[in-house]
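Have a look at the structure below, then the notes.
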Amino acid sequence: MSDALAALRAKALNYHPEATYSVCVDRELQTMRAGVQGQLIAAQAARQKLEGQEPDKSATMGERTPEDVLDERIAQLEADLEKVEAEALPNSITLVFRRLPLTADGAGKGESSYEGLLRKMTVKEQINTDALADTLLRRCYLRTMATDGTGDLELTWKQAIAILGRQDITNLRAMIIGHHEIGAAVPFELVNSGEPETT
């Protein structure tokens, strides 16, 4: 086996994709971020609305148009948001989740597979997605890191989930199911570069 193939084999054997979810734990910064983000969304919506209207012909030469005013406002709000997010980074945590083996073939002895959990959570062809997601979150939780990369906070799942709000739980449920359902493949068109087989 060539060095390149050996390296690719090692990479394949060590491929364990993780999903992450970040939360700012400073309430004041959270509120500031939400406020700036709300203003930015409103300004962008107003700017988009102007695009569908006739330009204001009453404006005199050198006078700022409503579009110019909004463009300036949007640029300022984007800069404000960037600043708040930079302040939030050292005050943020990131929860890290692994992916369960998808099938029984990939599961180790005594380990649940995602398909096995799906079967357990299916009653009369209906999947209890909330119960499935909650089970996945508990079983897949690995650790909570400082978002700025300074280290592991050594929080249990019980400690980590106590920090979160209702919307966080809703987001995490969707994320963890997506982490198992969404394919990891990158579509390639494999072309046979060798001689065609003859019969």
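The values are calculated or read from the model by the stated rules, or taken from the named source; none is laboratory data. Only a predicted model underlies this, so the values are computations on that prediction, with no experimental measurement involved. Quick reminder, even Gly has a Cβ in these numbers, built from the backbone with ideal geometry, and neighbours come from all protein chains shown. The area values use the complete protein model at the heavy-atom level, side chains included, leaving out ligands, DNA and RNA. Shrake-Rupley method; radii C 1.70, N 1.55, O 1.52, S 1.80 Å.
Secondary-structure-derived ellipticity at 222 nm for the chain, considering helices only, amounts to -16500 deg cm²/dmol, per-run term -39500 (n - 2.57) for DSSP H runs with n ≥ 4. Of the trypsin sites (Lys or Arg not before Pro) in the stretch 1-57, the ones in a loop by DSSP (not H, G, I, E or B) with at most 14 other beta carbons within 10 Å are K57. The T94 and A42 beta-carbon pair, evaluated with R₀ = 35 Å, returns a calculated FRET efficiency of approximately 0.75.
Protection proxy ranking for 12-22, 69-79, 168-178, 136-146, using the average of other Cβ atoms within 10 Å per residue and placing the highest first: 136-146, 168-178, 69-79, 12-22.
Between D3 and E63, the simple spin-label model (points 7 angstrom out along Cα→Cβ) gives 7.1 nm. Using equal-weight Cα scatterers in the Debye expression, the normalised intensity of the stretch 13-56 in log10 at q = 0.17, 0.21, 0.24 Å⁻¹ is -0.69, -0.78, -0.86.
Per the Cα gyration tensor, the chain maps to an equivalent ellipsoid with semi-axes of 44, 28, 20 Å, ordered largest to smallest. Hey, could you get me the Stokes-Einstein D for the stretch 64-124, Kirkwood radius over alpha-carbon pairs, 37 °C and 0.692 mPa s, rounded to whole µm² s⁻¹? Estimated via Stokes-Einstein, D reaches 198 µm²/s.
Applying the criteria of a DSSP loop state and at most 10 other Cβ atoms within 10 Å to the GluC sites (Glu not before Pro) of the stretch 92-150 yields E125. P(r) tail for the stretch 114-165: Cα pairs beyond 14 Å make up 61% of the total. For L155, the residues whose modelled amide H falls within less than 5 Å of its own, excluding neighbours fewer than 5 places apart on the same chain, are T144. Please grab the % of Cα pairs in the stretch 59-164 that end up more than 25 Å from each other. Considering the stretch 59-164, 53 percent of its Cα-Cα pairs are separated by more than 25 Å. Accessible area per residue for the chain is 72 Å², calculated with a 1.4 Å probe on protein heavy atoms, without ligands, DNA or RNA.
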